[in-house]
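Read the structure below first, then the notes.
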Amino acid sequence: MGSLVGAVILFLCFLFGRRVDRSTVPWLDGPTGPPRIGAGFHRSVAARAGLEVNTGSDLGLLPDCAYLDGDGFDSGRLHPSVRDFYEHTGRYHLDVWSQWSPLFWPFGWMLINFVSRRMEQLNFPMYPLETARGMTSEVEQLVDQSGHVAFTSWLRRNLASGLVIYSGFYSTATPPGSGPCVKTVFPVVRGNATVLLRPEAQTDGSLKLISSGHRFGDPGFYRITEAGPGRIRVWYVRPLKEVFHVYPDVDGSVRTDHFVRWLGLSVLHLHYHITPVQDIQRTAPQAGHANRT
């Protein structure tokens, strides 16, 4: 069943994609995956490309949110806690809840169980309590010899099962049809899923990241497969749109609503509660004392 689903996806990429030289679309450049991605793939990417791996609890998905400034976006308008999360992601603990649309739940279940499990990548939670114990959050930078951060790796695993939920590469890119975007690359078998997210600063200091466009070169979802030396086949999946709304909570934490839609229909809603690790460490001894008394 997994092979059949994978073959259907590759056929759709062939049917709707365009074959291009990698060098002509640098804004889509990113790692492509082997049959299994797993927890250590980013380290193999670094080794092959001669990149140094920086580790530490203070690293962020973006070295500086100002990298996104331009085309009407001003990172100075972001709430300090929202900005701190993106610039120091390793400081935070994530809890997540999921809600699938009943219409798309059977397709999601089949995709997760027959494809994602095999390649150890994109294991979206199918049930709200599946991630009740939370998820890990490991951030590492892949740095070239000049000191430039080529990608930031963000690995998230289900604490209860150990399954890889996301193994992604984060950076910024400026596609032809937009200003600077957050670029996320999720390696899959013989290719990757690259999402370009246009930033919008809201009046309350929250941040929206939107993968929506009208044509090739706009922000959106790109399914990429290898197509020979120096060549890739790119399918701009226009019906698939994502919106992240990242906003501060009154208790100093950050929350995120992640909406996935297909042709305007709701597919999946993920809600994240993002808490500074130091706050959890401070309250843990108090909780333990309360339990003993």
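Miscellaneous remarks
- Of the residues making up the stretch 78-97, at least one is among the polar types (S, T, N, Q), at pLDDT 95 or above and under 26 Å from S161 (Cβ atoms).
- Within the set G90, G108, G162, the sole residue that is surrounded by fewer than 21 Cβ atoms within 10 Å (Cβ to Cβ) and in a loop (DSSP other than H, G, I, E, B) turns out to be G162.
- Candidates are the residues of the stretch 111-135 that are part of a helix (DSSP H, G or I) and among the basic types (K, R); the one that is farthest from the chain's Cα centre (by Cα) is R118.
- Some residue of the stretch 196-218 being small (G, A, S), at pLDDT 95 or above, part of a strand (DSSP E or B) and closer than 16 Å to S116 by Cβ: no
- Taking every residue in the stretch 32-52 that is in a helix (DSSP H, G or I) and pairing it with any residue that is of a type in the set (A, V, I, L, M, F, W, C), at least 6 positions away or on another chain, the pairs with Cβ-Cβ distances below 6 Å are A46/V53; A46/L142.
- Single residue of the stretch 219-232 satisfying the filter (outside any loop (DSSP other than H, G, I, E, B) and not hydroxyl-bearing (S, T, Y)) that is farthest from R117 (Cα to Cα): R231
- Count of the stretch 226-235 residues which are crowded, with 19+ Cβ neighbours inside 10 Å and at pLDDT 95 or above: 4
- Matching entry among V267, V243 (being crowded, with 16+ Cβ neighbours inside 10 Å and within 15 Å of the chain's Cα centre (by Cα)): V243
- Residues of the stretch 149-205 that are within 23 Å of F124 (Cβ to Cβ), β-branched (V, I, T) and touching a residue at least 24 places away in the same chain (Cβ under 8 Å): T152, V164, I165, V182, V185, V188, V189, T194, V195.
Let's see how each residue does on (1) aliphatic (A, V, I, L, M); (2) farther than 29 Å from H273 by Cβ; (3) surrounded by 17 or more Cβ atoms within 10 Å (Cβ to Cβ):
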residue: L59; (1), (2), (3): yes, no, yes
residue: G72; (1), (2), (3): no, yes, no
residue: H79; (1), (2), (3): no, no, yes
residue: F85; (1), (2), (3): no, no, yes
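- P31 vs. criteria exposed (fewer than 13 other Cβ atoms within 10 Å of the Cβ), at negative phi and in contact with a helix residue (DSSP H, G or I) (Cβ under 9 Å, 6 or more places away or on another chain): no
The values are calculated or read from the model by the stated rules, or taken from the named source; none is laboratory data. Since the model is a prediction, treat every value here as computed from it, not as a measurement. Every residue, glycine as well, gets a Cβ built from its backbone with ideal geometry; the counts of neighbours run over all protein chains shown.
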